[in-house]
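Before any comments, here is the structure.
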Amino acid sequence: MRSIHYRIDRDTGMVWSQIFGEGWAIPVYQFLDFGNDGDFTGEIPVELERFETSAVSYREMDSLIYTKKIPKEIKNLHRKFWGMKELK
């Protein structure tokens, strides 16, 4: 059975997720998409990207806090990314 483990990055407050044996879903800023409409105000777009387990260093792991207390909306973004059913 697949299960998602959530962690919060202490430095950014962003939520990472991991499925053991499948890798990480890490939020990545999409700088190239920022301002495409000519408006450089607002937030820089963020998308989840998949990384191999070996791509995450011990230093990065030290800044991650394991938790189950993640808002349902964010959990559903990660579940959708991993191809799982959303929570109701």
**Message:** Restricting to region 49-71, and then to whatever is of a type in the set (Gly, Ala, Ser) and surrounded by fewer than 10 Cβ atoms within 10 Å (Cβ to Cβ), can you tell me which residue is modelled with the lowest pLDDT?
**Reply:** Ser57
**Message:** Regarding region 34-48, can at least one residue be identified that is modelled with pLDDT of 90 or more, under 13 Å from the mean Cα position of the chain (by Cα) and either surrounded by 10 or more Cβ atoms within 10 Å (Cβ to Cβ) or in a loop (DSSP other than H, G, I, E, B) (or both)?
**Reply:** yes
**Request:** Filter region 1-29 for residues that are loosely packed, with under 13 Cβ neighbours inside 10 Å and either more than 11 Å from the chain's Cα centre (by Cα) or polar (S, T, N, Q) (or both) and give the result.
**Result:** Met1, Arg2, Ser3, Arg10, Asp11, Thr12, Phe20, Gly21
**Complete:** All conditions in (1) within 22 Å of Lys69 (Cα to Cα); (2) modelled with pLDDT under 90 are true of Ile26 except (2)
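Is it true that Gly21 is at pLDDT below 90, assigned to a loop (DSSP other than H, G, I, E, B) and at positive phi?
Working: at pLDDT below 90: no; assigned to a loop (DSSP other than H, G, I, E, B): yes; at positive phi: yes.
Judged against the criteria, Gly21 is not a match.
The values are calculated or read from the model by the stated rules, or taken from the named source; none is laboratory data. All values reported here derive from a predicted model rather than from experimental measurement. Note: ideal-geometry Cβ built from the backbone for every residue, glycine included; neighbour counts use all protein chains shown.
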